[in-house]
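Following: one structure in structure tokens, then a few remarks.
The values are calculated or read from the model by the stated rules, or taken from the named source; none is laboratory data. Note that the structure is predicted; figures quoted are calculated from it, not measured. Positions of Cβ are backbone-derived with ideal geometry, glycine not excepted, and every protein chain shown enters the neighbour counts. All accessible areas refer to the heavy atoms of the entire protein, side chains included, with ligands and DNA or RNA removed. Shrake-Rupley method; radii C 1.70, N 1.55, O 1.52, S 1.80 Å.
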Amino acid sequence: EVRVADLALPPLQPYLDPVVRLNLDSGTFSTKGRLRYAQGAEKGELVYDGGFDLARLVLTEPGVKEPFLGWQHLETARLTLRLRPNLLEIADLKLKKPVGRVIIAKDRSINLVKVLKTPVKAAPAAGPAKSGQEAFPVRIKKLQFQDGNMTFADLSLFIPFTTKIHRLDGVVIGTSSARDARAQIDLGGQVDDYGTARIGGEINVFDPRGFTDVEMRFKNLEMANLTPYSGKFAGRRIDSGKLSLDLQYKIDNSRLLGENQIVVDRLKLGDRVESPEAVNLPLDLAVALLEDRNGVIDIGLPVKGDLNNPEFSVGHLVWKAFVNLITKIVTSPFRALGALLGGEAENLDTVAFEPGSSEVPPPEAEKLHQLAQAMQKRPQLKLVVQGRFSPQQDGEALQNLALRRALAVLAGGKEHPPEEDPGPVDFSDPATQGRLEKIFKERFGGPALKELTAGLQPPAQKAPGQEAARDPGLVSKALFARLAAAETLPATALPALAVARAEAIVARLTTDGGIAAARVTTKSPEPAGEEAPVTSKLTLDIVQKPS
């Protein structure tokens, strides 16, 4: 029968020194059980059945007052330790009020790694293991956490960052050193004042790189606490907002596959923070594109990597996935906006027009309707509309229109309203040719008219017995083409057409259940390229919130 009560542990410090850089400040060991020796090959040469309590343990780093690791009690009432054959089995292990610190120093080293020294050689095993068997099997049926506290700090950032998980409770079921063992995890705690943390899933505790399938959920985290990270990587402070994370990590033979769902509620970005590692991205626009009408951002970030890579870092992978997402959004904002419609709308950033016209064609009107629907889901966005014109295509169309209006005046004796198109010209009508000749004489003179008509050769004669086919509007068409090409347009005609196109787009977007007029603005017109069709341009901006 063995009874040990409150055996002081600090005298065991010399046994820790070769392994870790930690001070054993306090702790006691108590046990009660039965030790049996020479029980036989099957029962074990040495067997200890009982319980133990490792109490008030405090391990600190040199020069640091706060505990690196500690707890109030690590205890069990049922333990079996056996040698030859070897076994350590615990039915129910309770860890009460554990505390710990994970610190990333300024040089980006982690205290968990820094405290480890070069491992000492393992002592010889109590007995050789048979082929396929574990040298020293360990089984813990249930490990229970009660009221734990953990501190995480990153001092490598421009603004030191610290957060705490407290009231950590839960269990780990089925911890085993068996090669294919999978322990079940169910842990929960509170983060800072009002956030929560939940960790669940399966893991091979003795070989987490071999198998891990863990889900970590963090809810209602205060985003202002994340300013050190946003400042370093994004160059902006976070004034306010709530963050929830659903992180799922699966590791199979050192290959990581992660699915991260990130939900941000009412994010408010603050001032700029100078950082050489910050990406130069329009984050305000990205936030407006991602944020729904309730101020919620909900995005998925899949990650993958190789844990055997010496540069592997989960944080780096998640950040890289986030930067890639933001870059994709801000470089193709209308594609991101179209995704809200199930990807059914394309080319939302342009509106095509017929040459010389400011009327929105029906297919483009449908596209603007879809755009207005998407904009309703993103209330922090506004549209900037820029009407554009093609000097060649629109110029020719307006010259043609001006000449047709002049012909209509001669035919009807009155001018048509500016917005009215008189329609096509009847080139076969002799009266049309007469009017064109009259205009031509006035502009170019009689000799030029004779020269033009003389140059129009009759078509070649066809075979005997057939009449020569002659276009009755041949002369009228030639006169019209020459007059239209020489038609002089006012300097304001093409810019005015572009302005009219922008106004037509705005009208389509803001009527019939569209978006508020305050969310659509226009900018000065500009020439477009000569590719057909002629398009006006749309860009996205953010609604300026009251300061």
TODO: Give just the number: which of (1) modelled with pLDDT under 70; (2) within 37 Å of the chain's Cα centre (by Cα); (3) at negative phi; (4) open to solvent by 60 Å² or more (accessible area, probe 1.4 Å) does Arg108 not satisfy?
DONE: (3)
Open item on the list: Where the second residue is open to solvent by less than 60 Å² (accessible area, probe 1.4 Å) and in a strand (DSSP E or B) and the first is without any contact (Cβ under 8 Å) to a residue 40 or more places away in the chain and of a type in the set (S, T, N, Q) and lies in the range 77-92, which pairs have Cβ atoms under 9 Å and are six or more apart or on separate chains?
Closed with: Thr80/Val47; Thr80/Tyr48; Thr80/Asp49; Thr80/Gly50; Thr80/Leu87; Thr80/Leu88; Thr80/Ile90
Task: Residue in the range 116-131 that is modelled with pLDDT of 70 or more and either open to solvent by less than 40 Å² (accessible area, probe 1.4 Å) or of a type in the set (A, V, I, L, M, F, W, C) (or both) present - done: yes
Open item on the list: Taking the criterion of being at pLDDT below 80 and of a type in the set (Val, Ile, Thr), would at least one residue in the range 270-284 satisfy it?
Closed with: yes
Open item on the list: I'd like the full set of residues that are surrounded by 14 or more Cβ atoms within 10 Å (Cβ to Cβ), of a type in the set (A, V, I, L, M) and not in a loop (DSSP other than H, G, I, E, B), limited to the range 423-454.
Closed with: Leu436, Ile439, Leu449, Leu452
- [ ] State whether one or more residues within the range 515-529 are of a type in the set (Val, Ile, Thr) and more than 31 Å from the chain's Cα centre (by Cα).
- [x] no
Open item on the list: Report every pair of residues separated by at least 6 positions or lying on different chains whose Cβ atoms are under 6 Å apart, first residue within the range 473-489 and over 11 Å from Leu452 (Cβ atoms) and in contact (Cβ under 8 Å) with a residue 60 or more places away in the chain, second surrounded by 17 or more Cβ atoms within 10 Å (Cβ to Cβ) and of a type outside the set (A, V, I, L, M, F, W, C).
Closed with: Ala484/Gln399; Ala484/Asn400; Glu487/Gln399
Task: Looking only at the range 73-90, and only at residues there that are within 15 Å of Lys142 (Cβ to Cβ), open to solvent by 20 Å² or more (accessible area, probe 1.4 Å) and not polar (S, T, N, Q), the one that is nearest to the chain's Cα centre (by Cα) - done: Leu74
- [ ] Could you please find all residues in the range 171-191 being polar (S, T, N, Q) and either closer than 13 Å to Asp213 by Cα or without any contact (Cβ under 8 Å) to a residue 40 or more places away in the chain (or both)?
- [x] Thr175, Ser176, Gln184, Gln190
- [ ] Starting from the range 363-384, take each residue that is closer than 16 Å to Thr521 by Cα and list its partners that are of a type in the set (D, E, K, R) and open to solvent by 50 Å² or more (accessible area, probe 1.4 Å), counting only C-beta distances under 6 angstrom and pairs at least six apart or across chains.
- [x] Leu368/Arg508; Pro379/Arg293; Lys382/Asp541; Val384/Lys523; Val384/Asp541
Open item on the list: Between Gly50, Gly70, which is open to solvent by less than 50 Å² (accessible area, probe 1.4 Å), of a type outside the set (Val, Ile, Thr), assigned to a strand (DSSP E or B) and farther than 17 Å from Gly27 by Cβ?
Closed with: Gly50
TODO: Report, by residue number, each residue of the range 494-526 that is in contact with a helix residue (DSSP H, G or I) (Cβ under 8 Å, 6 or more places away or on another chain), open to solvent by 70 Å² or more (accessible area, probe 1.4 Å) and more than 20 Å from Leu348 (Cβ to Cβ).
DONE: none
Open item on the list: over 27 Å from Ala528 (Cβ atoms), at pLDDT below 90 and either in contact with a strand residue (DSSP E or B) (Cβ under 7 Å, 6 or more places away or on another chain) or not hydrophobic (A, V, I, L, M, F, W, C) (or both): is that true of Glu467 in this structure?
Closed with: yes
- [ ] Can you work out which of the residues in the range 179-203 that are touching a His at 6+ places or on another chain (Cβ under 9 Å) and part of a strand (DSSP E or B) is surrounded by the fewest Cβ atoms within 10 Å (Cβ to Cβ)?
- [x] Gln190
Open item on the list: Considering only the range 6-25, I want to know if a residue exists there that is of a type in the set (Val, Ile, Thr) and at pLDDT 95 or above.
Closed with: no
Task: Residues being more than 18 Å from Asn149 (Cα to Cα) and aromatic (Phe, Trp, Tyr) - total across the range 28-80 - done: 4
Open item on the list: Of the conditions (1) modelled with pLDDT under 80; (2) open to solvent by less than 30 Å² (accessible area, probe 1.4 Å), Asn309 satisfies every one except a single condition; which number is it?
Closed with: (2)
- [ ] Name, by its number, the condition in (1) modelled with pLDDT of 80 or more; (2) surrounded by fewer than 16 Cβ atoms within 10 Å (Cβ to Cβ); (3) farther than 30 Å from Asp265 by Cβ that does not hold for Pro208.
- [x] (1)
- [ ] Just one of (1) of a type outside the set (D, E, K, R); (2) touching a residue at least 60 places away in the same chain (Cβ under 8 Å); (3) open to solvent by 60 Å² or more (accessible area, probe 1.4 Å) trips up Leu540, so point out which.
- [x] (3)
Task: Residue count for the range 91-105, restricted to those that are open to solvent by less than 40 Å² (accessible area, probe 1.4 Å) and not in a loop (DSSP other than H, G, I, E, B) - done: 6
Open item on the list: I'm told Val64 meets every condition in (1) among the β-branched types (Val, Ile, Thr); (2) modelled with pLDDT under 90; (3) under 25 Å from Pro137 (Cβ atoms) except one. Can you identify the failing condition by its number?
Closed with: (3)
TODO: Within the range 476-493, track down each residue that is in contact with a Ser or Thr (Cβ under 9 Å, 6 or more places away or on another chain) and either open to solvent by 80 Å² or more (accessible area, probe 1.4 Å) or at pLDDT below 90 (or both).
DONE: none
- [ ] Could you tell me whether the range 365-377 includes any residue that is in contact with a Gly (Cβ under 7 Å, 6 or more places away or on another chain), surrounded by fewer than 14 Cβ atoms within 10 Å (Cβ to Cβ), at negative phi and not charged (D, E, K, R)?
- [x] no
